[in-house]
1. Would it be correct to say that Trp28 is open to solvent by less than 60 Å² (accessible area, probe 1.4 Å), among the aromatic types (Phe, Trp, Tyr) and under 16 Å from the mean Cα position of the chain (by Cα)?
2. With open to solvent by less than 60 Å² (accessible area, probe 1.4 Å), closer than 19 Å to Trp68 by Cβ and small (Gly, Ala, Ser) as the only criterion, which of Ala43, Ala3 stands out?
3. Being within 18 Å of the chain's Cα centre (by Cα) and closer than 18 Å to Ala96 by Cβ is true for just one of Leu8, Leu63, Leu52. Which residue is that?
4. Restricting attention to the range 79-107, report how many residues are modelled with pLDDT of 85 or more and either within 13 Å of the chain's Cα centre (by Cα) or outside any loop (DSSP other than H, G, I, E, B) (or both).
5. In the set Asp57, Asp107, which member is more than 18 Å from Val29 (Cβ to Cβ), charged (D, E, K, R), touching a residue at least 12 places away in the same chain (Cβ under 8 Å) and touching a His at 6+ places or on another chain (Cβ under 8 Å)?
6. Of all residues in the range 51-68, which are in a strand (DSSP E or B), open to solvent by 40 Å² or more (accessible area, probe 1.4 Å) and aliphatic (A, V, I, L, M)?
7. Which numbered condition trips up Leu52, out of (1) modelled with pLDDT of 95 or more; (2) under 21 Å from Leu22 (Cβ atoms)?
8. Taking Asp71 as the residue in question, decide whether it is at pLDDT below 95, closer than 25 Å to Ile30 by Cα, acidic (Asp, Glu) and within 12 Å of the chain's Cα centre (by Cα).
Amino acid sequence: GSARLDGLPSGARVGPDPEVLLREATGWVIPVSALASWVRGAADRGLPPAALSFGPDGHLARLQQAGWTIDYSNWQPHASLGIDLPARVDAVQGDARVRLVIDQWQDGSSGS
């Protein structure tokens with residue numbers, strides 16, 4: 001119901017829509033709702049179909065969707081889920097760049 005954007009020279013911004021907050025603060029249109037899928041190495045079902053490219057190890061290396069190119073690296077095993085998840089995700093569209101570095105994945109079942 002609410003989003004908060006920190007790290008701005010003018011101070012934090014709060015609002016109901018994270019995409020609007022980012023657009024107002026940076027001028028970039030970043031599909032925040034798609035990031036939840038993209039960070040896990042999956043295309044977002046609410047967007048047009050994606051083009052997928054896989055590396056020699058069989059892991060997803062690149063996903064292209066809605067004008068964005070998402071590169072994946074440093075896949076790591078997630079023991080409790082039994083799958084590998086990316087440790088680094090770089091998303092680019094024109095001048096807009098989003099880099100996510102994941103130190104640790106949690107499946108949410110531990111309650112912490």
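The values are calculated or read from the model by the stated rules, or taken from the named source; none is laboratory data. Quick caveat: nothing in here was measured; it's all calculated off a predicted structure. Don't worry about glycine lacking a Cβ; one is built from the backbone with ideal geometry, like all the others, and counts go over all protein chains shown. The protein model used for the area step is the full one, side chains on, heavy atoms only, and it has no ligands, DNA or RNA in it. Shrake-Rupley method; radii C 1.70, N 1.55, O 1.52, S 1.80 Å.
1. Numbers: open to solvent by less than 60 Å² (accessible area, probe 1.4 Å): no; among the aromatic types (Phe, Trp, Tyr): yes; under 16 Å from the mean Cα position of the chain (by Cα): yes.
When the stated conditions are applied, Trp28 does not pass them.
2. Values: Ala3 fails: closer than 19 Å to Trp68 by Cβ.
Just a single option satisfies the conditions, and that option is Ala43.
3. Working: Leu8 fails: within 18 Å of the chain's Cα centre (by Cα); Leu52 fails: closer than 18 Å to Ala96 by Cβ.
Sole residue among the options that is within 18 Å of the chain's Cα centre (by Cα) and closer than 18 Å to Ala96 by Cβ: Leu63.
4. 15
5. Working: Asp57 fails: touching a His at 6+ places or on another chain (Cβ under 8 Å).
Among Asp57, Asp107, only Asp107 is more than 18 Å from Val29 (Cβ to Cβ), charged (D, E, K, R), touching a residue at least 12 places away in the same chain (Cβ under 8 Å) and touching a His at 6+ places or on another chain (Cβ under 8 Å).
6. So the first thing to find is which residues in the range 51-68 are in a strand (DSSP E or B), and the list is 51-54, 60-65, 68.
Next cut, open to solvent by 40 Å² or more (accessible area, probe 1.4 Å) only: 51-54, 62, 64.
Across the range 51-68, the qualifying residues are Ala51, Leu52.
7. (2)
8. On the way: at pLDDT below 95: no; closer than 25 Å to Ile30 by Cα: yes; acidic (Asp, Glu): yes; within 12 Å of the chain's Cα centre (by Cα): yes.
So Asp71 fails the test.
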